[in-house]
Amino acid sequence: MKFSYSWIRELVPGLNIEPRELERLITTKTAECEGVKAAGAHFTRVVAARVVTVEEMPNGKNKAALIDIGGERKIRVVCGAPNVRPGIVVPWVPPGTTLEDKTIDRIVIDGVESEGMLASAAELGINRDHAGLLELENAAPGEPITDLQPDWIIEIDNKSLTHRPDLWGHFGMAREVAAITQGALRDPVDMTLLPEGEPGFAVEIEDHSLCSRYSVLLVEHVEIIQSPLRLQARLESVGLNAINNIVDATNYVLAELPQPMHAFDADKLAGATIFVRRARDGETLRALNGETYELASSDLVIADGNGPIALAGVIGGADSAISESTTRILLESANFQATSVRLTSARLKLRTDASMRFEKSLDPENTLRGLARAAALLRQVSPGVKFMSGVTDNRSPLRKPAPIALSLEFVVRKLGKLVTQTEVTRILESLGFAVSETVPGLLTVLVPSWRATKDISLKDDLVEEVGRMVGYGEIVPRPPLVASTVPPANPMRLYLRKLRQLLVGQGFSEVYNYSFVTATEVERFHLDLKQHLGVRNPIASELTHLRRSLLPGLFKNVLTNVRHYDEFRLFEIGKEIHPAEGARLPNEITHLAALLYDAHAGEDAFFEMKRVAECAFPAARFAAATETKPFEHPTRTAEISWAGVPVGRLFELHPSLLVDEGIEGRVVIFDVDLERAQVIAQHHQVNYTPPRKYPTSGFDLSVVAPQTKPVGEIEERLAALAGAHLASLTFIRVYDGPPLLEGQKSVSYHLEIGALDHTLTSEETTGVREYIVQAMRQEGYEIRGLDQ
């Protein structure tokens, strides 16, 4: 957003702060400025020149013009403009003048010395007309161009103005400057200039929630001409293109108040009634930018008896646009719902100066002020205009914001700085608030209409107004005067932190997924969609339900990463969301799901994940699952129990899920309920066992058992038989080929045994081995040596 320093000075008489200092004050007290730049400095050097003669040059493109700049000396300038001709008066830019980033100098072109240059309006920054030289009227050679003066442009970051619709115009910023400098504020609007009498047009509003106010004024005897150069240059300096006197007047009001306006050619309208309504199916609008837009029922349009003539708050229509033949115009000054304008603008990918302001929720009280200001400007730029009828003003009932009670004690406590009631009152009143004293130390504050549209509503907002005008740099930083207490311990947080560190140490990367799932993801894992909570207002159209499992999200991570990696390890700690009975809030259960993917892995991937799970949950037991779920491998699924409590499952993902996605390899997952695991972890103790002082002896045993016998049960039985003599028990392998019978397997272990108080003799070692062998045989197992 660009602001003209000279424009602000007109609205704050007596302002004598330099532009760069003003930029600093605005940044510290109102909104973040992005910089300040000089504009139009060349106007102090540019003068009027009369073209005396024009001679063709050899190349046929340029012409050598002899010009009169006042006095006896004549200047020769090479010029390529199509309208250069004897007798016209145009701007001459003398050598040494800087235009934008280019310095004009004496140069030789095709053998002719050119001293300075003759300029177009665009080259001088007056408008964007590059077609030819700017032809001046009522200007004598050697005189400066009337009313064009240097200026400074202060640019402010739009993001810092989003909540302040009043600051999208010079008058709002001038109010801030007057408050900062404790200067006077001049209101450019004279409401007495609004004509009285019967309205020339009727207005019908279909839905006042979409258009709270629509005001129009019929203006007759209009002449379409160029605006004064000063007005054109001012609009150009703040980023608005000068078109003609009528459009320029409406743009001037937009940049000043800020109130977007539009001018219709009244003679091109069908009937004498303006309709503000939603668009109807099949309607289109040929807009001022030359594009034709297909309208939707969500679009708010301005229509006459034949159909849409403008998109409300966005752009006008070409069929009702003013032209050189226009003699009567209908001025529109309205207030549209911010959301409606934003949706239409976004849908059509069409952002205009008007839509950007309407999107900020403008002041509905500004529509008549806009008409009054436009009426004053039209009298200047088109002196013959006449107002033969009065204003039409259709509006919804005025909603005044509730008064805000503000105590001085609250202001001082919140700011951390002592301020007086007089100072608080002065600051708020300078910003346009009405302030009265209810009782000593308690103020009643009325919010002005231009700050009541989603900006000021709480006493905390008023404290911020006082604080920024006092200056936050004037507030000494102090720690809050509150008792410091240690927050209650959160065992779950500490437990999750340790789990994360452990898994990262095992080569896993943590992922974070949405708590929302699609119906397709739920169906992929054969879960019941009816058991998932639906989302009333999903953040995306397909994310319709809350997850009951972390697996769909992790599987999406697999699909993303298999394109780039042959193996990876991922884990997520998140909440499963389960419906609760009745009207209670849903149950949110913290789970850990860890995943290993290897494009070339064998069955060892399953045991690798078992090892990781044992690291995370020491002494956990793994038992073959009695039933498997559709997404689990039918023979590689185990139930995990810890301290006798079921806590989760370890499984290989069903191959069909991978085949459907064209994925090769294996995916092994363990999924654990951390609500249960954390309680167990709090009481789980690892007893210290001192290193053995005496050597141990080892031997191997192979136990022949049915294929269906869990290896874990065999391991537990061997450990129990070895008793206190057991130093370690190590799994070696499983074998199921000849000479074993069909349905048998051989499970091999290495056992290290020893005593805590002496070195076992060979006889003792043999005795322990024989005891284990005999006991296992009595239980129906066949014991074989490792070499058998």
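The values are calculated or read from the model by the stated rules, or taken from the named source; none is laboratory data. Just so it is clear, the structure is predicted and the values come from calculations on it, not from any experiment. Cβ: placed from backbone, ideal geometry, glycine included. Neighbour counts: every protein chain shown. The protein model used for the area step is the full one, side chains on, heavy atoms only, and it has no ligands, DNA or RNA in it. Shrake-Rupley method; radii C 1.70, N 1.55, O 1.52, S 1.80 Å.
With everything on Cα atoms, drop me the angle between helix 711-722 and the longest principal axis of the chain, reported from 0 to 90° to the nearest 10. So the inclination is approximately 50 degrees. Given the chain, what percent of its DSSP beta bridges are antiparallel, to the nearest 5? The antiparallel fraction comes to roughly 95 percent.
Suppose a student asked you for the relative contact order of region 28-184, using Cα pairs under 8 Å spaced at least 6 residues apart; what percent would you report?
30
In this simple spin-label model, placing a label point 7 Å from the Cα along the Cα-to-Cβ direction at both T444 and E56 gives a separation of 8.4 nm.
Which is farthest toward the positive dipole end of region 397-522 among G441, P480, P397, measuring Cα position about the Cα centre, with Cβ charges +1 (Lys, Arg) and -1 (Asp, Glu)? Towards the positive end, the residue furthest out is P480.
For the pair R692 and T635, a Förster radius of 22 Å applied to the C-beta separation gives a FRET efficiency near 0.05, rounded to the nearest 0.05.
Each of L559, A594, V667 was placed along the dipole of region 558-673 (beta-carbon charges, centred on the mean Cα), and the one lying farthest toward the positive end is A594. Residues whose amide H lies under 5 Å from that of S212, counting only those 5 or more places away or on a different chain, are N335, Q337; hydrogens are built 1.01 Å from N in the peptide plane. Here region 562-681 is assigned +1 on the Cβ of each Lys and Arg and -1 on the Cβ of each Asp and Glu. Its dipole about the Cα centre then comes out at about 340 debye. Along the axis of the charge dipole computed for the chain (Cβ charges of +1 for Lys and Arg, -1 for Asp and Glu, origin at the Cα centre), the listed residues A321, F622, P634 are led at the positive end by F622.
Roughly how many Å is it from the Cα centre of region 155-203 to that of region 218-273, as a whole number? First find each Cα centre; the distance between them is then 17 Å. Taking amide H as placed 1.01 Å from N in the peptide plane, the amide H of A122 sits under 5 Å from that of N127, D129, each at least 5 places away or on another chain. Residues with beta-carbon under 10 Å from that of P308, excluding P308: net charge, scoring Lys, Arg +1 and Asp, Glu -1? Within the 10 Å Cβ shell, the charges total -1. Computed from label points 7 Å out along Cα-Cβ, the spacing between M492 and H758 is 5.6 nm. A 1.4 Å probe over all protein chains sorts K610, K37, K629 by accessible area into K37, K629, K610, starting with the largest.
Which of the following values of Cα extents along the principal axes in Å was calculated from the structure shown: [x] 100, 83, 48; [y] 133, 83, 59; [z] 121, 53, 50? This structure yields the entry labelled [y]. Seen against the Cα atoms of the chain and their longest principal axis, helix 245-256 is set at about 50 degrees.
Would you kindly state how much longer the chain becomes between H578 and K349 on full extension, computed as 0.36 nm times their sequence separation minus their alpha carbon distance, in nm to one decimal?
So the extension gain works out to 78.3 nm.
Summing Lys and Arg as +1 and Asp and Glu as -1 over all other residues whose Cβ lies under 14 Å from the Cβ of H532 gives a net charge of 0.
Here the chain is treated with +1 on each Lys and Arg Cβ and -1 on each Asp and Glu Cβ, and its dipole about the Cα centre works out to around 1400 debye.
Heavy-atom accessible area, probed at 1.4 angstrom with all protein chains present, ranks L443, L368, L288 as L288, L368, L443, highest first. By its C-alpha gyration tensor, with a ≥ b ≥ c as the square roots of the eigenvalues, how is region 329-402 shaped: rounded for a/c under 1.5, else prolate for a/b larger than b/c, else oblate? Judged from the Cα gyration tensor, region 329-402 comes out oblate (a/c at least 1.5, b/c at or above a/b). For the chain, the longest principal axis of the C-alpha atoms and the axis of helix 674-683 are separated by about 50°. With the cut-off at 1.5 for a/c, could you classify region 465-544 from its C-alpha gyration tensor as rounded, prolate or oblate? Because a/c hits 1.5 or more and a/b fails to exceed b/c, region 465-544 counts as oblate.
Relative to the current alpha-carbon distance between E510 and E113, full extension at 0.36 nm per residue lengthens the span by 135.6 nm. Set the Förster radius R0 to 45 Å, insert the Cβ-Cβ distance between N138 and S297 as r into 1/(1 + (r/R0)^6), and round the FRET efficiency to 0.05. About 0.25, to the nearest 0.05. Ellipticity at 222 nm from helices only: DSSP H runs of n ≥ 4 in the chain, each -39500 (n - 2.57), divided by the residue count, give -8000 deg cm²/dmol. Across the cross-link table entries K29/K360; K629/K709; K400/K454; K360/K386; K349/K454; K360/K400, which are compared at the Cα atoms, the separations over 23 Å belong to K360/K386; K349/K454. Counting only residues at least eight positions apart within a chain, or on another chain, the lysines with an alpha carbon under 24 Å from that of K74 are K61, K63.
Based on the alpha-carbon gyration tensor of region 622-710 and its eigenvalue square roots a ≥ b ≥ c, which shape applies: rounded if a/c is under 1.5, prolate if not and a/b is larger than b/c, or oblate? Note, shape of region 622-710 comes out oblate. Between the C-alpha center of region 624-644 and that of region 312-349 there is a gap of 66 Å. Each part gets one Cα centre, and for region 706-728 versus region 72-88 those centres are 109 Å apart.
Along region 29-34 the Karplus relation, 6.51 cos²θ - 1.76 cosθ + 1.60 evaluated at θ = phi - 60°, assigns HN-Hα couplings of 10, 9, 8, 6, 8, 9 Hz to successive residues, with x for each Gly and Pro. With a Förster radius of 41 Å applied to the C-beta separation of T44 and D455, the computed FRET efficiency comes to 0.50. Each Lys and Arg contributes +1 and each Asp and Glu -1, all at the Cβ; summed about the Cα centre of region 32-191, the dipole is approximately 280 debye.
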